[in-house]
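Heads up, the thing below is written out as structure tokens.
The values are calculated or read from the model by the stated rules, or taken from the named source; none is laboratory data. Computed from a prediction, not measured in an experiment: that's the story for all the values here. Ideal geometry is used to build each Cβ from the backbone, glycine not excepted, and the neighbour counts take in all protein chains shown.
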Amino acid sequence: MDELTEARAALATMENRERELLSELRSIRDAVRLQRSRVEELITRLPISPIDRLPNESLLRVLEFCLEEAAHTCDVYIHAKRELASVSRRWRDLILHSPSLWTLLTVTSSWSEARAKIYMTRSSQSLLDIVIRFYGYGYDDRDGIFTTLLSILTSGAHRWRSLTICEDTTHFHRSLMLEKLNHLSFPSLKRVSISNYPGSLTWQGELYQPLFLHPRISPHLEQVNLDVDVSASAAVHIPSGVTDLSLQFYDHDHIQHSSLFEGHYCLGLTSLSISGHAVDFNLPPNSIQLPLLEKFVCTLSCAKSLIHALVAPRLRHFDYSPSSWNDSPSTIFADLLSKFNSVGYLHLSGSTAHILSEAVCMAFPNVCDLQLTPFNDVLSDSCPADFLGDALHWKDLKNLTIYPPDGSDLESLDGLVAWLLQRLNAGQSKLHVTVTTSGCGIPSLFQKLTELCYLEWLDICCDVAVTCHQSGSQAWVEVLNLPACVVNELSTALTTGNVRGRVGDCQCGSIYRP
């Protein structure tokens, strides 16, 4: 009986202890709930970050702007997206469930089948921008990864908005992709850019042309940018609906290539850019009718035939820069009379920029904005009196921009001084003249120009040192290496209190605007 009594007493003690612990547990749970409520209340009182106040639509736009900076490199783009997703759960959910952040597919040799499927799934039904930068393996597709990626990407061909095949993509993979595109339709495709475009492909021993540029395959195509191998291309057929066309010919041989515009007049073109080496289009005068063309950029040797063939009554912007230094503007623009009388902006570079012959002035009689960018060694070898030649014909000219070769050759701008004086003596109004140079100006020249025009002098590589000094109650600023063209004007401004100039970032250069 004594042993039973002891066991009952021990059990009673344990039961009492259990009741005490349960009571304490209830008290702790109540305290936890109370403390949690207090914490949540204090959180609501914390100041909210301005970016966290943004609605999802605005925050998404911010993220899109941020990712645009990293979009040029695939790895950086993916890394930036991961970093943004790690900021908070809200940001992560927004990134993962926003199709607009998954529409840019920059496909490289590091891409896997899983990544391609993720992008295609998360982009939902949004339009896609496809960039091919596949430089792996070189001459074959040993493991079939590129073929697999193509199959995944082309499953959404109806959603392709743009296609870019970069220069570093191997010839094998480029041809493989173009051959694949020949069997598809692209109803949403608007922009195409292809480097080293072959113009024709070989299949079972026969040449054929890629068809995806055909209007019935890509009916809404607007912008086309092609690097064309002239020697390997049978012809370059451009869809009639294209409004912006850019062609670069990278063959170095002198090849006649008149088939580009034959039968394909591209009546909807508003912008045309052609560049390359010695390509002779061999076109008769006034044979290219482009009634809507507004901008023409030509960086091409032997361009006389092309320029004389061009008929563009709405042309506003003309940019000519020959790839050969000995192309004479008197020859290129001879006998054009007032053919380009609608052009208001004219940019001439290379050998055409140091002598504006009467032929140039007659071809473009109504120029308002003129920009001259000569070769580095042209102005120093030319006679200053020939700098602007017969440009007095331009009575509507308002703005002139000049890029002298370097600071040591600024003496050649004396021809500009004489020409500006000639214009003023003829009763014409002052011009706004911008001179962009890579060296200090000449004070006398600078002073002459300020009297004859509204001058904007941009010195792009001047290392200016500014130091603040103080001695007792006196304080002053010491400026070292200030361009000579600024010193006199700045001194006068400080003396009279009429500060009209401005010195910009001292590390990047000095900018003076009187």
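So here's what we get for this one:
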| item | result |
| --- | --- |
| The stretch 105-130, residues that are outside any loop (DSSP other than H, G, I, E, B) and in contact (Cβ under 8 Å) with a residue 40 or more places away in the chain | 105, 107 |
| Verdict on residue 178 being hydrophobic (A, V, I, L, M, F, W, C), part of a loop (DSSP other than H, G, I, E, B), touching a Phe, Trp or Tyr at 6+ places or on another chain (Cβ under 9 Å) and at pLDDT 80 or above | no |
| Failed item in (1) farther than 26 Å from residue 413 by Cα; (2) of a type outside the set (Asp, Glu); (3) modelled with pLDDT under 85, with residue 285 passing the rest | (3) |
| Pair list, Cβ < 8 Å and 6+ apart or interchain, from the stretch 403-428 residues that are acidic (Asp, Glu) to residues that are at pLDDT below 80 and in a helix (DSSP H, G or I) | 409/379; 409/380; 411/384; 411/445; 414/384; 414/445 |
| Those residues of the stretch 1-58 which are among the β-branched types (Val, Ile, Thr) and either in contact (Cβ under 8 Å) with a residue 24 or more places away in the chain or assigned to a helix (DSSP H, G or I) (or both), in sequence order | 5, 13, 28, 32, 39, 43, 44, 51 |
| Residue within the stretch 219-238 that is in a loop (DSSP other than H, G, I, E, B), touching a helix residue (DSSP H, G or I) at 6+ places or on another chain (Cβ under 9 Å) and modelled with pLDDT of 85 or more present | no |
| Checklist (1) surrounded by 15 or more Cβ atoms within 10 Å (Cβ to Cβ); (2) in contact with a helix residue (DSSP H, G or I) (Cβ under 9 Å, 6 or more places away or on another chain); (3) over 30 Å from residue 59 (Cα atoms) applied to residue 187, failing item | (1) |
| Candidates 23, 37, 58 - the one that is within 30 Å of residue 81 (Cβ to Cβ) and of a type in the set (Ser, Thr, Tyr) | 58 |
| Residue satisfying condition, being over 28 Å from the mean Cα position of the chain (by Cα) and either farther than 18 Å from residue 120 by Cα or among the basic types (Lys, Arg) (or both), within set 44, 73 | 44 |
| The stretch 85-95, residues that are touching a Lys or Arg at 6+ places or on another chain (Cβ under 8 Å) and either modelled with pLDDT under 90 or loosely packed, with under 13 Cβ neighbours inside 10 Å (or both) | 86 |
